[in-house]
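Reading through the structure tokens given below for one structure.
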Amino acid sequence: MTHYITVEMVNRFGELARVVNLISGRGFNIEKLLVNTSGKTDISLAKLCLDGDRDKVDVLMKQINRQVRVTEARVLSRDEVSGDEFFVSEDK
Amino acid sequence: MSSQTDETAAKTGAKLLCEALVNEGVDTVFGYPGGAVLHIYDELVNFRDSITHILARHEQGAVHMAEGYAKATGRVGVSLVTSGPGATNTVTGIANAYMDSTPLVVITGQVPTHLLGTDGFQEIDIVGITRACTKYNYLVRSAEEIPEIVREAFYIAASGRPGPVLIDIPKDLTVRKAVHKMPEKLNIPGYAPHAFAEQGKVEAAIEKIVSAKRPVFYVGGGVVHSGGTRELVELVERLAIPVTITLMGLSCFPSAHPRSLGMLGMHGSYAANMSISEADVIIAIGVRFDDRVTGDLKKFAPNAEIIHVDIDESSIDKNVKTHISMTGNAKDVMRQMIDILETRPAPPAGRLDAWWERIAAWRSHAPTAYENHPEVIRAQYLCEEISRLTDGEAIIATDVGQHQMWLAQYYRFKHPRSFLTSGGLGTMGYGFPAALGAKIAFPGKQVIAFVGDGGFQMTMQELATAVQYRANLKIIVMNNGFLGMVRQWQEVFYDNNYSEVDMQFQPDFVKLAESFGAVGLRADHPSHLAEVLTKGFETDGVVVMDIVVAPEDNVYPMVPPGAGLKEMILR
């Protein structure tokens, strides 16, 4: 099933690469990815969709959270993404 | 934190780097010079009073040395190499440190900033290459930031779950002059290692532990890293619960302690694997339920409730679902447990008698007993002799494979940080340079590299380093002429179809040692073994002992791949 994920990290070169590298290194395909500033000082926000077994995604999330300059990574519920054009548009 | 102090006059990036290393208390750097780090090496000469540089013969060796230094001392190991091949040669060492949670700071030179991305001479994106095997890594973009990055790197490497951090410094920044202002306090958003666990969870865990009928400890490297041996021994003695230990944790609990069941896992003791399999409560501390420990997960500890303490939250519920999990530093959480036990009446004596009786029966099964051969040295005997002659007081390092497993089974460990082994990555060629790094940290201690003939040939050029620095280091080569563990698998699981495991040509290790200015000795008969080992230990300087052992011997017990822990092949 598709998982909707947000990752907040320090807005600095290399941080996104560490996260994306970690995801791809475990065989997950990132189906959608959007990175932008977050509104918080020096923090960028990545939104991404990936497909995978929930248990494996849970471990992955902990591993993303373990990254030194990731401030928060979490899986969103369907309700949480319902108003988000980026996430919703993938259902079309 | 924006307030800034400690203004310094303009200095070159190289000088800022050397000063930053001194500020971190660095006394030894294991390295290898090259074009991109020429300015740094030029400056390093001015720091000879504070920093000893050990010139390795290969960058992989330098990083393994730094790791041996770090594992033996508990401090951050430091390695300095050039760009391109210098940097790529460190990758195995960095990955090894990453898998074994060893704190390292590896500094690599890089082509000058204006050449980045141009395929310049000796340019490689080492930050990109090491993303998956570093706890963190940096590409430095200005000389000003060097001191702060160094401070951060040491903090990140040593705190939380330790690990390697790489700093890649373009050459132009090492000669550029800069004034640095160090912030008063490091600010790393998103990084806050835990120490203590939630008190309520610790109380719930204690409740479960004291009411368990078949409890067992499963402890590992986290106890070593956190310096928690005293707490572990106290906890075990208060509770009278058996202890099983992972390869990475072996030195954290005395092998001779009556509560020790020895190592668990693929080549673990029968008693350890049976007790884990039959337990009703497993108290897992500083461990990560590695596949070499658990065997088939579906058959792992089917009746046990699992209490897991680890500093790395991502290790919890990764392979095995836990019932009570606590994120925290092993030593600190064990102290919390002891504090709670102190407020309670002691658990009734004899409550675990029935459990200990079953364990006694498993122990007497004694599958690690072996028979000596009158003409051929058995590797098990060699390991027992090393243990006897050192009385467990040595620091001993190994590679990966049969020799490592036999040593883990037969050496009687006494002190934490006395066993330096490549556990997670399983790196051949690790043991000898790691032992050398430990010897440089502790010149007064007995340090032994115990390696196979295959692994030794991967990094044996570091004999030159050992001799150059007059290390009083002893290298014992367990020489069976085979890549023994691979051969064992081919024998057992591939119907004796030996494929490229027979080392049909070997150097003469005695002459090889002599050509490096070391002493070479050989034993190929059981009657000479003790004499050769004793002579080797007593001879000053670097000594290589070539110990010719039975060529086709297997490590037992063995849990076949994909099998459950109880499905051990015993002999």
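For beta carbons closer than 6 Å, sequence separation of 6+ or different chains, a first residue in segment B:475-504 that is within 20 Å of B:Trp406 (Cα to Cα) and a second that is surrounded by 18 or more Cβ atoms within 10 Å (Cβ to Cβ) and among the small types (Gly, Ala, Ser), the qualifying pairs are B:Ile475/B:Ala449; B:Met478/B:Ala379; B:Met478/B:Gly452; B:Leu483/B:Gly454; B:Gly484/B:Gly401; B:Met485/B:Gly401.
Restricting attention to segment B:95-109, does a residue exist that is buried (at least 22 other Cβ atoms within 10 Å of the Cβ), touching an Asp or Glu at 6+ places or on another chain (Cβ under 7 Å) and in a loop (DSSP other than H, G, I, E, B)? Scanning segment B:95-109 turns up at least one residue that is buried (at least 22 other Cβ atoms within 10 Å of the Cβ), touching an Asp or Glu at 6+ places or on another chain (Cβ under 7 Å) and in a loop (DSSP other than H, G, I, E, B).
Against the numbered list (1) part of a loop (DSSP other than H, G, I, E, B); (2) under 30 Å from B:Gly61 (Cα atoms), B:Tyr370 comes up short only at (2). Listed by position, the helices (runs of 4 or more DSSP H) inside segment B:155-244 whose residues that are within 28 Å of B:Pro112 (Cβ to Cβ) and out of contact with any Pro (no Cβ under 9 Å at 6 or more places or on another chain) number at least 1 are B:171-175. Pairs linking a residue in segment B:554-571 that is under 24 Å from B:Gly481 (Cβ atoms) and touching a residue at least 60 places away in the same chain (Cβ under 8 Å) to a residue that is surrounded by fewer than 18 Cβ atoms within 10 Å (Cβ to Cβ) and charged (D, E, K, R), with Cβ atoms under 9 Å and 6 or more positions apart or on different chains, are B:Asn554/B:Glu491; B:Asn554/B:Arg571; B:Tyr556/B:Arg571. Before we move on, is B:Ser325 within 14 Å of chain A (Cβ to nearest Cβ) and either loosely packed, with under 12 Cβ neighbours inside 10 Å or in a strand (DSSP E or B) (or both)? Criteria met by B:Ser325. Residues in segment B:260-281: is at least one touching a strand residue (DSSP E or B) at 6+ places or on another chain (Cβ under 7 Å) and without any contact (Cβ under 8 Å) to a residue 60 or more places away in the chain? Yes.
Listed by position, the helices (runs of 4 or more DSSP H) contained in segment B:1-78 that have at least 1 residues being modelled with pLDDT of 95 or more and farther than 30 Å from B:Lys445 by Cα are B:13-23, B:38-44. In segment B:543-571, of all residues being aliphatic (A, V, I, L, M) and closer than 19 Å to B:Gln490 by Cβ, the one that is modelled with the lowest pLDDT corresponds to B:Ile569. Looking at segment B:460-571, the helices (runs of 4 or more DSSP H) lying wholly inside it that each contain 3 or more residues that are aliphatic (A, V, I, L, M) and under 30 Å from B:Ala438 (Cβ atoms) sit at B:463-468, B:509-515, B:526-538.
Residues in segment B:417-452 that are among the charged types (D, E, K, R) and surrounded by fewer than 24 Cβ atoms within 10 Å (Cβ to Cβ) were compared, and the one that is nearest to B:Val542 (Cα to Cα) is B:Lys445.
The set of residues from segment B:123-147 being within 13 Å of another protein chain (Cβ to nearest Cβ) and of a type in the set (A, V, I, L, M) comprises B:Ile126, B:Val127, B:Ile129, B:Ala132, B:Leu139, B:Val140. Just so you know, in segment B:28-87 the residues that are under 27 Å from the mean Cα position of the chain (by Cα) and of a type in the set (Phe, Trp, Tyr) include one that is nearest to B:Ile156 (Cα to Cα), and it is B:Tyr69.
Yes/no per residue for (1) within 14 Å of chain A (Cβ to nearest Cβ); (2) on the phi > 0 side of the Ramachandran plot; (3) touching a Ser or Thr at 6+ places or on another chain (Cβ under 9 Å):
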residue: B:His58; (1), (2), (3): no, no, yes
residue: B:Pro85; (1), (2), (3): no, no, no
residue: B:Ile149; (1), (2), (3): yes, no, no
residue: B:Tyr155; (1), (2), (3): yes, no, no
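Residues of segment A:51-59 include at least one that is within 23 Å of B:Pro162 (Cβ to Cβ) and either within 14 Å of another protein chain (Cβ to nearest Cβ) or in contact with a strand residue (DSSP E or B) (Cβ under 7 Å, 6 or more places away or on another chain) (or both). Within segment A:1-48, being closer than 21 Å to B:Ile188 by Cα, touching a residue at least 24 places away in the same chain (Cβ under 8 Å), within 13 Å of chain B (Cβ to nearest Cβ) and in contact with a helix residue (DSSP H, G or I) (Cβ under 7 Å, 6 or more places away or on another chain) holds for A:Val7, A:Met9, A:Arg18, A:Val19, A:Leu22. Just to be sure before I move on: is A:Val68 free of Cβ contacts under 8 Å to residues at least 40 places away in the same chain, in contact with a strand residue (DSSP E or B) (Cβ under 8 Å, 6 or more places away or on another chain) and more than 9 Å from chain B (Cβ to nearest Cβ) in the structure I sent? Judged against the criteria, A:Val68 is not a match.
Kindly indicate whether B:Thr368 is of a type in the set (Ser, Thr, Tyr), surrounded by 18 or more Cβ atoms within 10 Å (Cβ to Cβ), out of contact with any Pro (no Cβ under 7 Å at 6 or more places or on another chain) and touching a residue at least 40 places away in the same chain (Cβ under 8 Å). Yes: the conditions hold for B:Thr368.
Comparison of B:Leu166, B:Leu173 shows that the only residue that is under 21 Å from B:Gly86 (Cβ atoms) and within 14 Å of chain A (Cβ to nearest Cβ) is B:Leu166. Contact map, segment B:26-37: first residue buried (at least 21 other Cβ atoms within 10 Å of the Cβ), second residue charged (D, E, K, R), Cβ cut-off under 6 Å, separation 6 or more or different chains; pairs are B:Tyr32/B:Glu59; B:Ala36/B:Lys171. Being surrounded by fewer than 24 Cβ atoms within 10 Å (Cβ to Cβ), closer than 17 Å to B:Leu173 by Cβ, in contact with a Pro (Cβ under 9 Å, 6 or more places away or on another chain) and of a type in the set (D, E, K, R), is that true of even one residue in segment B:117-139? No, that holds for no residue. Take B:Gly295 and tell me if it is at pLDDT below 95 and crowded, with 24+ Cβ neighbours inside 10 Å. The answer is yes for B:Gly295. Within segment A:72-88, the set of residues being within 14 Å of chain B (Cβ to nearest Cβ) and surrounded by 20 or more Cβ atoms within 10 Å (Cβ to Cβ) comprises just one member, A:Ala73. Being within 30 Å of A:Glu72 (Cβ to Cβ), touching a strand residue (DSSP E or B) at 6+ places or on another chain (Cβ under 9 Å) and in contact (Cβ under 8 Å) with a residue 60 or more places away in the chain is a description that applies to B:Val333. Of all residues in segment B:303-322, those satisfying the criterion of being under 20 Å from B:Pro193 (Cα atoms), out of contact with any His (no Cβ under 7 Å at 6 or more places or on another chain) and either surrounded by fewer than 18 Cβ atoms within 10 Å (Cβ to Cβ) or within 14 Å of another protein chain (Cβ to nearest Cβ) (or both) are B:His308, B:Asp310, B:Asp312, B:Glu313, B:Ser314, B:Ser315, B:Asp317, B:Lys318.
The values are calculated or read from the model by the stated rules, or taken from the named source; none is laboratory data. Just so you know, these numbers come straight off a predicted model, no measurement behind them. In this analysis, Cβ positions are derived from the backbone assuming ideal geometry, glycine residues included, and neighbour counts consider all displayed protein chains.
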